Structures are given as structure tokens and as C-alpha cells.
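What follows is a short report on a single structure.
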Amino acid sequence: LDEVYLTSHEKALLLWEDYLAKAAVYFRDDLICMLCLQKQKWGEKDQSLLQALKLPKLIRESRWPDVFTYYEEISQNKNFSDEIRCYAELTLFQIVIYEYLEFSQALGHLENAQIILPDNFYVKRSWGEYYLKNGETQKARDHFFRILVEKPGDYVSFNMIGDSYLLENNLESAESWYLDAIQKNRLQND
């Protein structure tokens, strides 16, 4: 960034924005902090820096509704790669289904993500989450089974299948799937 900044401030700032968007969609609050320090070192103090300075704390504290508009801006910015825009849409989808009481808006974000990257694994898995959130447990389970055929080590899908059984109050099956998920990854956050 420093080398680019010496030759072109404008190109360096565009590159900085791209790196910031990547760090945001991959939830790398440490990189966001480093990028903010870099921009401060350049003496660039604008609205994008002020907004970026808030992001790490909001992400660490899981204050997702507070970052909704930021991810919305990323998803709508055609200057970013399709992958970045898709992951921003998926983040918006996750915020809506898990943080809002009324989640009908989630479908639009999931559809947008699918338009941007139709064969993306995370988009496919998110459809299962959507079905699960809507109470369509069998449809969700079938979807997660298809995901596991594609990626057998996906412990999140194992957990989601467990969640589908939990919603049906089938605790024995749910526990079995949760234990399978733990065998795939013992260091899960959830």
C-alpha cells in the first residue's frame, strides 16, 4: 500500500477500500485495524476511515445490526469482486435471519448472493439455513445431506441437521448429529 501510495494516492485509496472490504467479509477485525492505522499514517482522515474504525469493535461484540448498512454498501459496489459482493450479501442474509424478529428480507439477500455466485458452496448451504429458519425441517435436512455429499467434512451442515431434529424435538437424533459435528471439528465456536 505504501508503494502504491507514493506513486498514486487515488490508486492506493481504492486498493485500501478493496482490502478493507475483503477484511470485513472475512470478519478479520485485526486486518481492519491494521488498514485503519495505515490510512491514519498517510494522514487520510475521511468518512470511510471513521466508519472503518468502528467495525472491529462492532464485529467482536457481534453487533451485527449496527454494521448492516456497511455490508449493504459493499454488496452494491460493483468495483468489488463478485466474491466480496456475494459474501457481503450472505452476511446481510445471516444478520437478517439471526438478528431480526421479522426475516422475510433475508430471501432477497440470499437470491442476490446466488445471482452473483450461483455455484458458491456457502450460498448453497445458506439455502438450507433459510429452509430451517422457515420451519421446513425435512427440506432443510435434505438440502444439508446434498451439501455433505459435496463436502463431507462440513461440520456446520452436521450441526444444522442436528438443529433440524432439535426443532422436531427428536433429541436423540439431534445429539447424534451434534456429536458427529464435534468429531469433524472439536474447536467449534458454537
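Tabulated values for the structure
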{"read-out": "Selection status of TRP16, surrounded by 15 or more Cβ atoms within 10 Å (Cβ to Cβ), within 21 Å of VAL96 (Cα to Cα) and not acidic (Asp, Glu)", "value": "no"}
{"read-out": "Residue within the range 88-102 that is of a type in the set (D, E, K, R), open to solvent by 40 Å² or more (accessible area, probe 1.4 Å) and out of contact with any Leu (no Cβ under 6 Å at 6 or more places or on another chain) present", "value": "yes"}
{"read-out": "Residue satisfying condition, being among the charged types (D, E, K, R), in contact (Cβ under 8 Å) with a residue 60 or more places away in the chain and either exposed (fewer than 15 other Cβ atoms within 10 Å of the Cβ) or out of contact with any His (no Cβ under 8 Å at 6 or more places or on another chain) (or both), within set LYS22, LYS39", "value": "LYS22"}
{"read-out": "Flag for ASN112 being modelled with pLDDT of 95 or more and open to solvent by 70 Å² or more (accessible area, probe 1.4 Å)", "value": "no"}
{"read-out": "Inter-residue pairs, beta-carbon under 7 Å, first charged (D, E, K, R) and in the range 65-83, second not in a helix (DSSP H, G or I), 6+ apart", "value": "ASP82/LEU117; GLU83/LEU117"}
{"read-out": "Criterion violated by LYS124 - all others in (1) charged (D, E, K, R); (2) under 25 Å from ALA52 (Cα atoms); (3) in a helix (DSSP H, G or I) satisfied", "value": "(2)"}
{"read-out": "Residue pairs meeting the criteria (Cβ under 9 Å; at least 6 apart or on separate chains; first more than 22 Å from ASP82 (Cβ to Cβ), in the range 93-117; second outside any loop (DSSP other than H, G, I, E, B) and among the small types (Gly, Ala, Ser))", "value": "ILE97/ALA106; ILE97/SER126; TYR100/ALA106"}
{"read-out": "Residue satisfying condition, being within 24 Å of TYR98 (Cα to Cα) and either surrounded by fewer than 13 Cβ atoms within 10 Å (Cβ to Cβ) or under 15 Å from the mean Cα position of the chain (by Cα) (or both), within set GLU83, GLU3, GLU10", "value": "GLU83"}
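The values are calculated or read from the model by the stated rules, or taken from the named source; none is laboratory data. Predicted model only: the values in this text are computed from it and were never measured. Positions of Cβ are backbone-derived with ideal geometry, glycine not excepted, and every protein chain shown enters the neighbour counts. Accessible surface is based on the protein model in full, side chains and every heavy atom, while ligands, DNA and RNA are left aside. Shrake-Rupley method; radii C 1.70, N 1.55, O 1.52, S 1.80 Å.
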